[in-house]
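The values are calculated or read from the model by the stated rules, or taken from the named source; none is laboratory data. Source: prediction; values computed, not measured. We place every Cβ from the backbone using ideal geometry, glycine too, and count neighbours over all the protein chains shown. For accessibility, only protein heavy atoms count, side chains too; no ligands or nucleic acids. Shrake-Rupley method; radii C 1.70, N 1.55, O 1.52, S 1.80 Å.
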Amino acid sequence: MRLSDGMLMVLIIMLSVFAPLSTDMFLPALDEMVEYFGTNESTMSMTMYMFMLFLAIGILFLGPVGDKYGRRSVLIGSLIVYIAASVACSLATDIYMMIIFRIIQSIGAGGAMATAVALIRDCFDGERRARVLTIVAVIGVLGPVVAPVLGQTLIWTLDWQSTFWAPAVVAVLCLVLTMMLPKEIPVERYKGSIIGAVGTVIPILRNRDFRRFTIMMNMVAFCILAYVSVSEYIYKDKGFGVGDYYSLYLASAMILGVLLMLLIERFADRIGNKGHLKVIFALVVISVAILWTVGKEHALLFFIGIVPIITVSSIARSFGFNILLSQDVGNSGAISSVLNFMNFMFATAGMVVVVNLPFDNYVTSVAFCFTLYFIVYVSIWALMRFQGTGLKGLE
């Protein structure tokens, strides 16, 4: 039995949520887990940081390996590793064993995420690819909001261990679907060594036009994670003091951002590809202007300033990735690895930078991060306009 296009889309969507399932679902249980393992918050945080480090390695390595051995083989191996490690995490009784199991889990997740984007490029084109990327973009924005809520529900109903069993169940479903993937994807395989396959990401990164546009579309993750990582401090306690309404502000901003993106995409044909760049520019300007001027005055004003940047993130993951996946700069797995890796690295940088800025409040820190993105975006856009670009769809 072979996968239909509809079921293949379902598989890609489920693979795309591995990051929030793995990083956000168990967050509500961190205090309980600290007590369970008899450790401290600093050591417990290593279950997050080590996961993120090795997730990046898995993404960068396993995408190109799929170009050599096929998506099906790499995905089956990645899912088996992920399932086993997730179950092991739920059974761990020692914090250091938990950290090791999380590292193993992250490698499996990296393979799943890299393969998901590669499959989009391998199996879809034109309007179908754009439609799949739009759905994946929506899931990518809403996943970090929905995952903690699901995690909290599981913890209340069962226990913290269930937040690792649930992703394992999702991975099992993905494994069943993966078994139905054609073995010949991709049709054209890389013929060299594994090291050579991984090395195919280098020419992609050296491609000036591709590199520049990848930065433009991925650096918005720097803004999103900067905001998310300090949003609780901004909305609660010493910030705006909204208390239990914090999660409502967070979720509503994400949902409104996605809805605005979907509205913009309804006029995609009229806007055109170059028009999308202008829309992104305008939205970033709105966010930056609001945060610097009135963002500190009230929670609702800060909220209004956040929605446009979330819309930009959604557009970048749909329109931006569609442009990038249409370029003939390398194999699908290598391109997927570059896109996912750079997105992940910008996101990680946002989390680190925002808490280390020398401002007296986090609203200003978030505004500064958004401004950095604005400067980089405008600078690269200016270079593209004056020097020209060879990117298909933006010539």
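Okay, here's what the table says:
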read-out: Subset of region 335-366 (residues that are small (Gly, Ala, Ser) and touching a Gly at 6+ places or on another chain (Cβ under 6 Å)); value: Ser336, Ser337
read-out: Hits in region 253-311 (condition: farther than 16 Å from Asn322 by Cα and either touching a Lys or Arg at 6+ places or on another chain (Cβ under 7 Å) or among the charged types (D, E, K, R) (or both)); value: Arg270, Lys278, Lys296, Glu297
read-out: Residue that is least open to solvent (accessible area, probe 1.4 Å) [pool: residues in region 17-38 that are modelled with pLDDT of 85 or more and hydroxyl-bearing (Ser, Thr, Tyr)]; value: Ser22
read-out: Sole exception among (1) at pLDDT 90 or above; (2) under 27 Å from Arg131 (Cβ atoms) for Lys183, by number; value: (1)
read-out: Residue in region 201-213 that is at pLDDT below 85, part of a helix (DSSP H, G or I) and surrounded by fewer than 16 Cβ atoms within 10 Å (Cβ to Cβ) present; value: no
read-out: Ala289 vs. criteria more than 23 Å from the chain's Cα centre (by Cα) and modelled with pLDDT of 90 or more; value: yes
read-out: Residues located in region 66-83, provided they are surrounded by fewer than 23 Cβ atoms within 10 Å (Cβ to Cβ) and either in a helix (DSSP H, G or I) or within 22 Å of the chain's Cα centre (by Cα) (or both); value: Lys68, Tyr69, Arg72, Ser73, Ile76, Gly77, Ile80, Val81, Ile83
read-out: Every pair of residues 6+ apart whose Cβ atoms lie under 7 Å, when the first sits in region 311-332 and is modelled with pLDDT of 90 or more while the second is outside any helix (DSSP H, G or I) and open to solvent by 40 Å² or more (accessible area, probe 1.4 Å); value: Ser326/Lys392; Gln327/Lys392; Val329/Asn207; Asn331/Tyr190
read-out: Pick from region 237-262, criterion surrounded by 18 or more Cβ atoms within 10 Å (Cβ to Cβ) and farther than 25 Å from Val376 by Cα, ranking: nearest to the chain's Cα centre (by Cα); value: Leu250
read-out: Pair list, Cβ under 9 Å, 6 or more apart: region 223-248 residue over 16 Å from Gly350 (Cα atoms) and among the acidic types (Asp, Glu), other residue modelled with pLDDT of 85 or more and surrounded by fewer than 19 Cβ atoms within 10 Å (Cβ to Cβ); value: none
read-out: Residue match in region 384-393 (condition: in contact with a Cys (Cβ under 7 Å, 6 or more places away or on another chain) and not in a loop (DSSP other than H, G, I, E, B)); value: no
read-out: Within region 263-377, helices (runs of 4 or more DSSP H) holding 1 or more residues that are among the hydroxyl-bearing types (Ser, Thr, Tyr) and either open to solvent by less than 10 Å² (accessible area, probe 1.4 Å) or on the phi < 0 side of the Ramachandran plot (or both); value: 268-293, 299-315, 332-354
read-out: Test result for Ser86, of a type in the set (S, T, N, Q), touching a Pro at 6+ places or on another chain (Cβ under 7 Å), in a helix (DSSP H, G or I) and open to solvent by less than 40 Å² (accessible area, probe 1.4 Å); value: yes
read-out: Selection count, region 44-61, where residues are open to solvent by 30 Å² or more (accessible area, probe 1.4 Å) and part of a helix (DSSP H, G or I); value: 9
read-out: Residue among Val228, Val136, Val146 that is within 24 Å of the chain's Cα centre (by Cα), closer than 20 Å to Gly66 by Cβ, modelled with pLDDT under 90 and assigned to a helix (DSSP H, G or I); value: Val136
read-out: Pairs where the first residue, in region 9-32, is assigned to a loop (DSSP other than H, G, I, E, B) and the second is among the β-branched types (Val, Ile, Thr) and open to solvent by less than 40 Å² (accessible area, probe 1.4 Å), C-beta under 8 Å, 6+ apart; value: Val17/Val170; Met25/Thr163; Phe26/Thr163
